[in-house]
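*Asks:* Below are the structure tokens for one structure; questions will follow.
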Amino acid sequence: MQETEAIERARHELEVCNACRYCEGFCAVFPAVELRREFSAGDLSYLANLCHGCRGCYYACQYAPPHEWGINVPQTLATVRAESYAEYAWPAGAGTLFSRNGTLVALAAALSIALVLVLSALTNGTAAFFTARPLVDGAFYTVIPLWAMQVVGIASFGYALVALWMGARNFWRDAGPAQKIGVGALFIALHDVLTLKNLGGGGNGCNDASERFSMRRRRLHHGMFYGFMLCFAATCTGFVYDTFLGRPAPYHLLSAPVILGAVGGVLLLIGTIGLFAMKFVDDPGPAVRTLLGGEVAILLLLALSAWSGLVLLVVRGTGAMGLALSVHLGFILALFVVLPYSKMVHGVYRSAALLRRAAERNMKVLGGE
Amino acid sequence: MGNRSQTYDVLVAGGGNAALCAAITARQAGASVLLLESAPKAFRGGNSRHTRNLRAMHDKPNDVLIEAYREDEYWDDLLRVTGGNTDESLARMTIKASSGVFGWMKDCGVRFQPSLTGTLNLGRTNAFFLGGGKALVNAYYLTAERLGVEICYDTEVLALNMDDGAVRSVDITYRGFPETVHARCVVASAGGFQANLDWMRQYWGDAVDNFVIRGTPYNRGRVLKSLLDQGVSAIGDPTQCHAVALDARAPKFDGGITTRLDSVPYSIVLNQHGDRFYDEGEDVWPKRYAIWGRLIAQQPGQIAYSICDAKAFPLFMPSVYPAIKADTIGELAVKMKLDPTKALQTVTEYNAAVKPDQAFDNLKLDGNKTEGLTPNKTNWARTIDKPPFYGYPLRPGITFTYLGLRVNDKAQVLMDNGQPSGNLFASGEIMAGNILGRGYLAGFGMTIGTVFGRIAGQEAARHARN
């Protein structure tokens, strides 16, 4: 990490935390802070990515604004986190995509939809594009050929995976030598990722709008995450059905891909819309205003991906199917393309940070009374 | 916000732990309650917002405390720190009640850290609040709001108007505007007067300009003064306050825990003139922590400088401010605005007087001492000779004052004639001097506040509704 104003501020604030330590029971960040006397920029990037933004420490802090020290750990670490996304982005130079990220994500979505729409309308011919098609095997592929879906899908998603992996590698190296990763650490990290234990603020949840605790954010995030995973599972099942079992889409309402996709889509929609709505009621005190655009854009892109998928399920077999399919795949394409250059990367760095933390869990705390 | 023209059952003056415990308990007993906090909402909670734990008796381990801490050991600890300056029956009552507060606190939303984590020395005797004192205060305010306690911030109690041993009316300023409110019973939980520098000046003179007030700037002692002026019986030495050594760069108010400094036993401490003035190695730091504020307050300019070398530096927790660092003692002295010749002379004399009797051991009284100095350093004395050298400027940091209101075991405030007031109760720092007349036990202030807050709330509600 480069030395920036945010890094300096984070260093100062965590030095205050290290002299106080009242928040050590809240989450993984503070026990990790207590292992260190001095904070390199790489350490701070690690700690920033370990922070889940539950805001418990902000409301508990006797030095939080308007105290003259103005300690605001969630805000400071969110700023460092955002800088770390740009720093580690692959290939080098792609980090600039994280400035004005909301605009980028929105533009990518618009262009992707336009591209898919125009291409499918052109190849089908306008009249055929709006014709109702019988729901026979391979009906979708009459709108967009299977090979095109597979080539574009695998290429864009494959690129995203490579870029995410390279980013994670940059992060891991920058955070300095890690403790040995054992099986135990892997299990703990996996548990922490899947349960979002650190969005628990020590057990009662996050502070969204006030010092009152709530499980809302954690539950909505679970809806979003597991919904996304179910949708992904639906796609994979469909791929297996088609490629290996010789059963092309569309599938019956009670088939695995449709059930997985429908349940996942609804969960994803609830989670993303809920998290989006929370932006309106959350206390802006510990938030970073400049990051709001990128956060809202990716939430809405996910929500629209889910929504357009559900619409497709409803209107397939009608004259709107071509349009619905093109729009849905346009959103999915946009999602894959922006994946490594959006808030989505937090999942990778957060997981890596949790793994580092799990590996150092038995190290001895420095100092103390 | 209700209409303050009604006569409340219970009015609570103050907004910290003791006030909240009293207000919630009174409300739970069915009383209508008005709580007046002089700070704005962001700084509510008095000194409680800087606390972190509560000392509690327990006969066996529980979910927040390890092993056992029985009544007699607790009492012995209290007797030792107060030098007998306590009231045994009130103290024992408080100690016994401390074992039974957790259920109620948890019901009010207070959360604790699991036992076995947290601070090593205190894991047996003290239960740590998850998130510290401000988190506790937040939980109590949420509970008080939920139960319907009427809470006014930015509202200072100016005077409790007493007549015939009872409070008849209460003069306040509500957001700057004067008002008079009425209540059947009043609980005074407004803390000490350490943030009232003019009052402190009466006893300490202009030295107070160099004092750091560790906690809230809102403990100005107006409630205390108003009552003492009207025939309420005082307890505690008005000139005394709990004072520790702090980093001199701390803010004047509200710096809290992070500005304290634990370097003294592993360093030597010079005054402004470059002279040592007290045995830095007299005892383990937790036992001597609280005398150094006074020692520094008695030095010229109320400032002192802790100096150590690279050997000693890793042995203590740093304060939130970085150490002043230099390669020579002279350079360090210049950076700290000490006379370099004199500082070097003091260090040289000290180094020459160090008699290494035995191996250095920072975990116990190791007997490494100097000989022939005035004063000698009697433990952990090692030569200061390995650069870089580190220094911290120190000032007295005032935690609280001891002067308070005399109370009985029902938290009733006693008048000068020894009779309990008809409708006035007290809890927290404002009456802590009854039990803790001198010294300090970590987490005991919160214990007194919680136990007496609950008694005061219960008794006030009962009196008001009779």
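The values are calculated or read from the model by the stated rules, or taken from the named source; none is laboratory data. Since we're looking at a predicted model, the values are computed, not measured. Cβ sites come from the backbone with ideal geometry, for glycine too, and all protein chains shown count toward neighbours.
*Asks:* Just checking, which of B:Leu424, B:Leu441, B:Leu414 is surrounded by fewer than 24 Cβ atoms within 10 Å (Cβ to Cβ), among the aliphatic types (A, V, I, L, M) and part of a strand (DSSP E or B)?
*Replies:* B:Leu414
*Asks:* Condition test on A:Arg81, is it in a loop (DSSP other than H, G, I, E, B) and either within 17 Å of A:Tyr349 (Cα to Cα) or within 14 Å of another protein chain (Cβ to nearest Cβ) (or both)?
*Replies:* It is false that A:Arg81 is in a loop (DSSP other than H, G, I, E, B) and either within 17 Å of A:Tyr349 (Cα to Cα) or within 14 Å of another protein chain (Cβ to nearest Cβ) (or both).
*Asks:* Scan region B:246-273 residue by residue and report those that are away from every other protein chain (no Cβ under 14 Å) and crowded, with 19+ Cβ neighbours inside 10 Å. Break it down into steps so the answer makes sense when it comes.
*Replies:* Quick first cut of region B:246-273, residues away from every other protein chain (no Cβ under 14 Å) only: B:248, B:264, B:267-273.
Correct list: B:Ala248, B:Val264, B:Ser267, B:Ile268, B:Val269, B:Leu270, B:Asn271.
*Asks:* Let me ask another. Among the listed residues A:Met363, A:Met278, which satisfies the condition of being touching a helix residue (DSSP H, G or I) at 6+ places or on another chain (Cβ under 7 Å), farther than 26 Å from A:Leu146 by Cβ and not polar (S, T, N, Q)?
*Replies:* Details: A:Met363 fails: touching a helix residue (DSSP H, G or I) at 6+ places or on another chain (Cβ under 7 Å).
When all the criteria are applied, what remains is A:Met278.
*Asks:* Filter region A:32-43 for residues that are within 25 Å of the chain's Cα centre (by Cα) and either in the same structural domain as A:Cys206 (by TED's automatic domain parsing) or not aliphatic (A, V, I, L, M) (or both); which is nearest to A:Leu354 (Cα to Cα)? Break it down stepwise before answering.
*Replies:* Of region A:32-43, the ones within 25 Å of the chain's Cα centre (by Cα) are A:32-33, A:41-43.
From the residues that got through so far, the ones that are either in the same structural domain as A:Cys206 (by TED's automatic domain parsing) or not aliphatic (A, V, I, L, M) (or both) too are A:42-43.
Working: A:Gly42: 15, A:Asp43: 13 Å.
Ranking the candidates gives A:Asp43 first.
*Asks:* Is it true that B:Tyr140 is buried (at least 23 other Cβ atoms within 10 Å of the Cβ) and away from chain A (no Cβ under 14 Å)?
*Replies:* Against the criterion (buried (at least 23 other Cβ atoms within 10 Å of the Cβ) and away from chain A (no Cβ under 14 Å)), B:Tyr140 does not qualify.
*Asks:* Sticking with this structure for a sec: State which residue is farthest from B:Tyr8 (Cα to Cα) when the search covers only region B:41-60 and only residues that are under 21 Å from the mean Cα position of the chain (by Cα) and in a loop (DSSP other than H, G, I, E, B).
*Replies:* Filtering region B:41-60 for residues that are under 21 Å from the mean Cα position of the chain (by Cα) and in a loop (DSSP other than H, G, I, E, B), the one farthest from B:Tyr8 (Cα to Cα) comes out as B:Met57.
*Asks:* Out of curiosity, is B:Asp366 among the acidic types (Asp, Glu), touching a residue at least 12 places away in the same chain (Cβ under 8 Å), more than 18 Å from B:Gly191 (Cα to Cα) and assigned by TED's automatic domain parsing to the domain that holds B:Tyr278?
*Replies:* So B:Asp366 passes the test.
*Asks:* Residues of region B:61-84 being in a helix (DSSP H, G or I), modelled with pLDDT under 95 and aliphatic (A, V, I, L, M), which ones?
*Replies:* B:Val81
*Asks:* Let me ask you something else. Of all the residues that make up region B:351-365, how many are more than 34 Å from the chain's Cα centre (by Cα) and in a loop (DSSP other than H, G, I, E, B)? First the steps, then the outcome.
*Replies:* The initial filter retains those residues of region B:351-365 that are more than 34 Å from the chain's Cα centre (by Cα), namely B:351-359.
In the following step, the residues that additionally are in a loop (DSSP other than H, G, I, E, B) were identified as B:356-359.
Counting residues in region B:351-365 that are more than 34 Å from the chain's Cα centre (by Cα) and in a loop (DSSP other than H, G, I, E, B) gives 4.
*Asks:* With A:Val105, A:Val118 as the choices, which residue is assigned to a helix (DSSP H, G or I), among the hydrophobic types (A, V, I, L, M, F, W, C) and either within 27 Å of A:Lys279 (Cα to Cα) or in contact (Cβ under 8 Å) with a residue 60 or more places away in the chain (or both)?
*Replies:* On the way: A:Val118 fails: either within 27 Å of A:Lys279 (Cα to Cα) or in contact (Cβ under 8 Å) with a residue 60 or more places away in the chain (or both).
None of the others qualify; the one that does is A:Val105.
*Asks:* Output the residue which, of all residues in region B:341-354 that are without any contact (Cβ under 8 Å) to a residue 60 or more places away in the chain and out of contact with any strand residue (DSSP E or B) (no Cβ under 6 Å at 6 or more places or on another chain), is nearest to B:Pro375 (Cα to Cα). Let's see the steps before the verdict.
*Replies:* From region B:341-354, those without any contact (Cβ under 8 Å) to a residue 60 or more places away in the chain are B:341, B:344, B:348-349, B:351-354; that's our starting set.
Among the residues that remain, those that are also out of contact with any strand residue (DSSP E or B) (no Cβ under 6 Å at 6 or more places or on another chain) are: B:341, B:344, B:348-349, B:351-352.
Numbers: B:Thr341: 20, B:Leu344: 17, B:Thr348: 15, B:Glu349: 12, B:Asn351: 14, B:Ala352: 14 Å.
That would be B:Glu349.
*Asks:* Could you list, in sequence order, all residues of region B:95-129 that are assigned to a loop (DSSP other than H, G, I, E, B), within 14 Å of chain A (Cβ to nearest Cβ) and at pLDDT 95 or above? Let's see the steps before the verdict.
*Replies:* Filtering region B:95-129 down to residues assigned to a loop (DSSP other than H, G, I, E, B) leaves B:99-101, B:108-111, B:113-125.
Now drop any that are not within 14 Å of chain A (Cβ to nearest Cβ), which leaves B:108-111, B:113-125.
Of everything in region B:95-129, those that are assigned to a loop (DSSP other than H, G, I, E, B), within 14 Å of chain A (Cβ to nearest Cβ) and at pLDDT 95 or above turn out to be B:Cys108, B:Gly109, B:Val110, B:Arg111.
*Asks:* A:Lys180 is checked against (1) in a loop (DSSP other than H, G, I, E, B); (2) basic (Lys, Arg); (3) buried (at least 17 other Cβ atoms within 10 Å of the Cβ) and fails just one. What number does that condition carry?
*Replies:* The one condition A:Lys180 does not meet is (3).
*Asks:* Before we move on, is A:Gln75 surrounded by fewer than 16 Cβ atoms within 10 Å (Cβ to Cβ), more than 14 Å from chain B (Cβ to nearest Cβ) and not aromatic (Phe, Trp, Tyr)? Break it down stepwise before answering.
*Replies:* Values: surrounded by fewer than 16 Cβ atoms within 10 Å (Cβ to Cβ): no; more than 14 Å from chain B (Cβ to nearest Cβ): yes; not aromatic (Phe, Trp, Tyr): yes.
Criteria not met by A:Gln75.
*Asks:* Which of the residues spanning region B:222-245 are under 24 Å from B:Asp154 (Cα atoms) and crowded, with 24+ Cβ neighbours inside 10 Å?
*Replies:* B:Val223, B:Leu224, B:Leu227
*Asks:* Follow-up. Quick one: which helices (runs of 4 or more DSSP H) lie wholly within region A:292-369 and hold at least 3 residues that are surrounded by fewer than 19 Cβ atoms within 10 Å (Cβ to Cβ) and free of Cβ contacts under 8 Å to residues at least 12 places away in the same chain? Don't jump to the end; show me each part of the working.
*Replies:* Working: elements: A:292-315, A:321-338, A:346-359.
Counting at least 3 such residues, we get no helices (runs of 4 or more DSSP H) at all.
*Asks:* Also: Kindly check whether there is at least one residue in region A:41-57 that is free of Cβ contacts under 8 Å to residues at least 24 places away in the same chain, at negative phi and part of a helix (DSSP H, G or I).
*Replies:* Of the residues in region A:41-57, the ones free of Cβ contacts under 8 Å to residues at least 24 places away in the same chain are none.
The answer is no, given that none of the residues of region A:41-57 is free of Cβ contacts under 8 Å to residues at least 24 places away in the same chain, at negative phi and part of a helix (DSSP H, G or I).
*Asks:* Also, quick follow-up: Just for region B:313-350: of the residues that are crowded, with 23+ Cβ neighbours inside 10 Å and in a loop (DSSP other than H, G, I, E, B), which one is nearest to the other protein chains (Cβ to nearest Cβ)?
*Replies:* Taking the candidates together, the pick is B:Val320.
*Asks:* A further question follows. Quick one: would you say A:Leu186 is closer than 20 Å to A:Ala358 by Cβ, in a helix (DSSP H, G or I) and among the hydrophobic types (A, V, I, L, M, F, W, C)?
*Replies:* On the way: closer than 20 Å to A:Ala358 by Cβ: yes; in a helix (DSSP H, G or I): yes; among the hydrophobic types (A, V, I, L, M, F, W, C): yes.
Yes: the conditions hold for A:Leu186.
*Asks:* If you check B:Gly45 against the conditions, is it touching a Gly at 6+ places or on another chain (Cβ under 8 Å) and either surrounded by fewer than 24 Cβ atoms within 10 Å (Cβ to Cβ) or in contact (Cβ under 8 Å) with a residue 60 or more places away in the chain (or both)?
*Replies:* Values: touching a Gly at 6+ places or on another chain (Cβ under 8 Å): yes; either surrounded by fewer than 24 Cβ atoms within 10 Å (Cβ to Cβ) or in contact (Cβ under 8 Å) with a residue 60 or more places away in the chain (or both): yes.
Yes.
*Asks:* Additional query: Is it the case that some residue within region B:366-389 is outside any loop (DSSP other than H, G, I, E, B), among the aromatic types (Phe, Trp, Tyr), within 14 Å of chain A (Cβ to nearest Cβ) and crowded, with 22+ Cβ neighbours inside 10 Å?
*Replies:* Narrowing region B:366-389 to residues outside any loop (DSSP other than H, G, I, E, B): B:369-370, B:389.
Keeping just the survivors that are among the aromatic types (Phe, Trp, Tyr) gives B:389.
Among the residues that remain, those that are also within 14 Å of chain A (Cβ to nearest Cβ) are: none.
No, every residue in region B:366-389 fails to be outside any loop (DSSP other than H, G, I, E, B), among the aromatic types (Phe, Trp, Tyr), within 14 Å of chain A (Cβ to nearest Cβ) and crowded, with 22+ Cβ neighbours inside 10 Å.
*Asks:* Go through (1) at pLDDT below 95; (2) assigned to a helix (DSSP H, G or I); (3) out of contact with any Pro (no Cβ under 8 Å at 6 or more places or on another chain); (4) buried (at least 21 other Cβ atoms within 10 Å of the Cβ) and name the single condition A:Pro250 misses.
*Replies:* The failed condition is (2).
*Asks:* Sticking with this structure for a sec: Can you work out which of the residues in region A:189-209 that are buried (at least 16 other Cβ atoms within 10 Å of the Cβ), of a type in the set (A, V, I, L, M, F, W, C) and under 11 Å from A:Ala358 (Cβ atoms) is farthest from the other protein chains (Cβ to nearest Cβ)?
*Replies:* Here the answer is A:Val193.
*Asks:* Kindly establish whether B:Gly301 is farther than 30 Å from A:Arg11 by Cβ, surrounded by fewer than 19 Cβ atoms within 10 Å (Cβ to Cβ) and under 25 Å from the mean Cα position of the chain (by Cα).
*Replies:* Working: farther than 30 Å from A:Arg11 by Cβ: yes; surrounded by fewer than 19 Cβ atoms within 10 Å (Cβ to Cβ): yes; under 25 Å from the mean Cα position of the chain (by Cα): yes.
Criteria met by B:Gly301.
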